[in-house]
Amino acid sequence: MLRDLWQALTGAMQSWHQGKLFLEHSLTISHDTLHALVGMALWMVLGLLMRRPLYAWRPWLWLLTATIWNEIVDLWVEVWPDPGQQYGEGAKDLLLTMAMPTMVMLAARLRPDLFRAAAKKRGR
């Protein structure tokens, strides 16, 4: 039973990785740009699905969890000749995926006035 579960998990990881490779090679944008775009898009979708504003921690934490899982799959499936390069690439992917959502969330939390509609002109 454990062996079947292990094989199913490994197969799911392989399928996920192959799907990512297909997407990566079928688009004409760089790998790094793809991480930044997917990070923002997934963060917004998570906020919508959870019915939480984007300044809330929950969508951000779920994005972080998904990003870490994605990098674990990469480390599991890919075997590079130099582990240092592979870990460095994984860390870079994690930072690129989380950078924009983190900056926007912190800006919305610390300076909510930047995200409000223009205030009505005074005196009218």
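The values are calculated or read from the model by the stated rules, or taken from the named source; none is laboratory data. These figures come from a predicted structure and were not determined experimentally. Positions of Cβ are generated from backbone atoms using ideal geometry, with glycine treated the same way; all protein chains shown enter the neighbour counts.
Annotations
- Qualifying residue in the stretch 49-56 (condition: touching a Gly at 6+ places or on another chain (Cβ under 6 Å) and hydrophobic (A, V, I, L, M, F, W, C)): yes
- Here is the figure for the stretch 24-57: residues that are over 24 Å from M13 (Cα atoms) and surrounded by 13 or more Cβ atoms within 10 Å (Cβ to Cβ) total 7.
- Residue check, M13 surrounded by 13 or more Cβ atoms within 10 Å (Cβ to Cβ), in contact (Cβ under 8 Å) with a residue 12 or more places away in the chain and farther than 30 Å from A108 by Cα: yes
- Filtered residue count, the stretch 12-47, keeping only those that are over 15 Å from the mean Cα position of the chain (by Cα) and either among the aromatic types (F, W, Y) or at pLDDT 95 or above (or both): 1
- Filtering the stretch 84-109 to residues that are touching a Ser or Thr at 6+ places or on another chain (Cβ under 9 Å) and either loosely packed, with under 14 Cβ neighbours inside 10 Å or not aliphatic (A, V, I, L, M) (or both) leaves D93, T97.
- Those residues of the stretch 16-31 which are part of a helix (DSSP H, G or I), small (G, A, S) and within 19 Å of G90 (Cα to Cα), in sequence order: G19
- The condition of being free of Cβ contacts under 8 Å to residues at least 12 places away in the same chain, assigned to a helix (DSSP H, G or I), touching a helix residue (DSSP H, G or I) at 6+ places or on another chain (Cβ under 8 Å) and of a type in the set (A, V, I, L, M, F, W, C) holds for only one of L96, L34, that being L34.
- Of all residue pairs spaced 6 or more apart or on separate chains, those with beta-carbon atoms under 7 Å, a first member in the stretch 43-70 that is small (G, A, S) and a second member that is assigned to a helix (DSSP H, G or I) and surrounded by 14 or more Cβ atoms within 10 Å (Cβ to Cβ) are G47/P59; A66/L42.
- Residues of the stretch 39-92 satisfying the condition of being of a type in the set (V, I, T) and touching a helix residue (DSSP H, G or I) at 6+ places or on another chain (Cβ under 9 Å): V45, T67, I68, I72, V73, V77, V79
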